[in-house]
Amino acid sequence: MRPVVEGHNLVRVFGRGDKRVAAVDDVSVHVDGDELVILMGPSGSGKTTLLAMLGCLLRPSSGHVRVLGKDVGSLSSRPLSRLRSESIGFVFQGFNLLSALSAWENVAVVGSFPGVRLGPLRSRAVELLEEIGLGHRVEHYPAELSAGEKQRVAFVRALFHRPGILFADEPTANLDTDNRRIILNLLRQAVDERNLSVVLATHDERIERFGDRVLRIEDGRLVA
């Protein structure tokens, strides 16, 4: 099986001269289909930078990334943007919901383009929210939602376009124990039932058991 995502000899440098820092230093990694990979590392280890490169949000200083067989480095801005919007989902620690939009609108907004009818977008957004137990909250705004509910909205927003891979950066860091378990079970279920691959970056050792494979990163390098 061809890997869904591959990173080869990835390096990402920030700053110059005496202030030069290699946030990621010669890392090679792959993610297979239907796999939940835990990227474990302390704060400042480089896991968010690595996640951003694999998710096509950040170009490496050197090395190359392939997503669904496509060499990301060869893509111009427009096809790269299309690849991100159609094939990749993201869930972040800070939820990134728009305060002026309701829960269903925050989900559907990723599919809102000129000429696209609102009705089907709303139907799919509501269906996804109902699947994760938020059918009674579809018209509520982020200020009216708990942290766990906000992260569930962010989760289904990432699934809206039926991506092939989802990147989650510390998605449980702001959640209590019960909501952390809900989000992790949703991610596990997405892999097992939706044929989705997931890369989850975290520093929380308790999350290891939810993954199929654990990669550890320290000081920008993968360690045994």
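The values are calculated or read from the model by the stated rules, or taken from the named source; none is laboratory data. Keep in mind it's a predicted model, so treat the numbers as computed, not measured. Note: areas computed on protein heavy atoms with side chains; ligands, DNA, RNA excluded. Shrake-Rupley method; radii C 1.70, N 1.55, O 1.52, S 1.80 Å.
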Can you give me the long-range amide H partners of Phe90? Hydrogens built in the peptide plane at 1.01 Å from N, cutoff under 5 Å, separation of 5 or more residues or another chain. Phe167
Please give the solvent-accessible surface of Phe155 in Å², to the nearest 10, using a probe radius of 1.4 Å with every protein chain present. 10
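Could you tell me whether the stretch 42-174 comes out rounded, prolate or oblate from its Cα gyration tensor? Rule is a ≥ b ≥ c as square roots of the eigenvalues, rounded for a/c under 1.5, then prolate if a/b exceeds b/c, otherwise oblate.
Judged from the Cα gyration tensor, the stretch 42-174 comes out oblate (a/c at least 1.5, b/c at or above a/b).
How would you classify the chain from its alpha-carbon gyration tensor, with a ≥ b ≥ c the square roots of the eigenvalues: rounded for a/c under 1.5, else prolate if a/b is greater than b/c, otherwise oblate? Spell out each step's value before the answer.
On the way: a/c = 1.77, a/b = 1.45, b/c = 1.23.
In terms of gyration-tensor shape, prolate.
Using 0.36 nm times the number of residues separating Lys19 and Thr177, minus their current alpha carbon distance, what extension gain do you get?
On the way: separation 158, 0.36 × 158 = 56.88 nm, distance 3.92 nm.
Going from the current span to full extension adds 53.0 nm.
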Per residue of the stretch 133-142, what does 6.51 cos²θ - 1.76 cosθ + 1.60 with θ = phi - 60° give for ³J(HN,Hα)? Whole Hz please, x for Gly and Pro, Karplus curve as stated. x, 10, x, 7, 10, 4, 9, 7, 8, x
Could you check which residue among Leu175, Leu39, Leu50 shows the biggest mean-square fluctuation in a GNM of the chain with a 10 Å Cα cutoff? Leu175
Just to be sure I understand the curve: with the Debye formula and one point per C-alpha of the stretch 1-97, what is log10 I(q)/I(0) at q = 0.20 Å⁻¹? -1.10
Nearest 10, in degrees from 0 to 90: the angle of helix 77-87 to the longest Cα principal axis of the chain is 60
What does the accessible area of Leu83 come to, in Å² to the nearest 10, when a probe of 1.4 Å is used? 10
How much mean residue ellipticity at 222 nm does the chain get from its helices, if each DSSP H run of length 4 or more adds -39500 (n - 2.57) and you divide by all residues, to the nearest 500 deg cm²/dmol? -9500 deg cm²/dmol
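Working with all protein chains in place, sort Asp71, Asp212, Asp219, Asp18 by solvent-accessible area computed with a 1.4 Å probe, largest first. Don't skip to the end; give the middle numbers.
Working: Asp71 55, Asp212 85, Asp219 130, Asp18 165 Å².
So the residues, ranked largest to smallest area, are Asp18, Asp219, Asp212, Asp71.
Could you work out how much longer the chain between Ser146 and Glu218 gets when fully extended? Use 0.36 nm per residue separation minus the Cα distance between them, nm to one decimal. Let's see the in-between values first.
Working: separation 72, 0.36 × 72 = 25.92 nm, distance 3.29 nm.
Stretched out fully, the Ser146 to Glu218 stretch lengthens by 22.6 nm.
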Springs between alpha-carbon pairs under 10 angstrom, Gaussian network model over the chain: which of Gly133, Gly17, Gly69 fluctuates most? Gly17
Where N is the number of residues in the stretch 116-224, Cα Rg divided by 2.2 N^0.38 Å: 1.17
